[in-house]
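Notes follow once the structure below has been shown.
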Amino acid sequence: SKHCVNLDNRTANVIVKPFELDIGFQFELHVTVSGKKINVSEIPELPIPKDWMRDKLELNFYKTEQAAGGGEIKSVTYNKGAGTAVITFLKPG
């Protein structure tokens, strides 16, 4: 946990300490799958900007490529009021 860092010809001793991020949400999604699109419903309304939720959905479905399904995302259309989203992939899968 102790490190020595050189910055601009000066040495600084630093100690790394764990910390917790305040923003963390866990929720369940309901998904309908077709060739290139996934319809996601029952997305809970969270106190985060619309763009953040769109990014979280994109990352979630992009990462699943390694497991089974998912892949490169073409677009994410998120409707905060309805709690729905449409994820469109570049390639069918």
For residue 91, which lysines qualify as cross-link partners when the Cα separation must be under 30 Å and same-chain residues fewer than eight apart are set aside? 36, 37, 50, 56, 63, 74, 80
Under a point spin-label approximation (7 Å from Cα along Cα-to-Cβ), what is the residue 28-residue 72 distance to one decimal in nm? 3.5 nm
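Read-outs throughout are calculated quantities, based only on the coordinates presented, and are distinct from any laboratory measurement. Because the structure is predicted, anything quoted here is derived from the model rather than measured. We place every Cβ from the backbone using ideal geometry, glycine too, and count neighbours over all the protein chains shown.
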